[in-house]
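Here is the structure we will look at, set down as structure tokens.
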Amino acid sequence: QVQLVESGGGLVQPGGSLRLSCAASPSIFYFLSLGWYRQAPGKQRDLVAEITSGHSTSYTDSVKGRFTISRDNAKNTVYLQMNDLKPEDTAVYYCRGRFVGGDYWGQGTQVTVSS
């Protein structure tokens, strides 16, 4: 069964850090690319960062220099390291895996940045 399971969200103060994880099954190699998206209340779901099977990465401008996406093929997991978090980073973060002919989404994990 193809599945993406996110973890690592939580409440953090501005300037703090969190690391999100996305565990892919049956294998990370099932996907052409894996990405992190986020959706704040009342807003659309937008791409935050993406990494391909060849380890190429891309980021939305607002997170460049603060967020890093990486993958551990041995653990079938993609990570999003988020540093210097800001209140505007508050959202539900989703993992998306693209494969030939479609995609899968995880259930999402809440990230709240607040003092």
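The values are calculated or read from the model by the stated rules, or taken from the named source; none is laboratory data. Because the structure is predicted, anything quoted here is derived from the model rather than measured. Here the Cβ is made from the backbone with ideal geometry for all residues, glycine too, and neighbour counts use every protein chain on show. Heads up: the accessible areas ignore ligands, DNA and RNA and are worked out on the full protein's heavy atoms, side chains in. Shrake-Rupley method; radii C 1.70, N 1.55, O 1.52, S 1.80 Å.
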Largest-first ranking of LYS64, LYS43 by accessible area, probe 1.4 Å, whole protein assembly kept, is LYS43, LYS64
How much length is gained on full extension from SER62 to SER114, taking 0.36 nm per residue of separation minus their Cα-Cα distance?
16.9 nm
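In Å³ and rounded to a whole number, note down the convex hull volume per residue for the Cα atoms of the chain.
Numbers: hull volume 11.0 nm³, N = 115.
Cα-based convex hull of the chain, divided per residue, equals 95 Å³.
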SER21 neighbourhood, Cβ < 10 Å, K/R = +1, D/E = -1, net charge 0
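Of all DSSP beta bridges located in the chain, what percent are antiparallel, nearest 5? List each step's numbers first, then the result.
On the way: 40 of 43 bridges.
DSSP beta bridges in the chain are roughly 95 percent antiparallel.
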Computed label-point distance, nm, for sites ARG19 and GLN81 using a 7 Å Cα→Cβ extension:
0.7 nm
Using only Cα atoms, locate the centre of segment 61-90 and the centre of segment 1-38, then give the distance between them in Å, rounded to an integer.
9 Å
Counting alpha carbon pairs within less than 8 Å and at least 6 residues apart, what relative contact order, in whole percent, applies to the chain?
37 percent
Mean accessible surface per residue for the chain, computed with a 1.4 Å probe while every protein chain stays in place, in Å²
51 Å²
Given a 1.4 angstrom probe, I'd like the percentage of the accessible area of segment 44-93 that is carbon and sulfur, rounded to a whole number.
45 percent
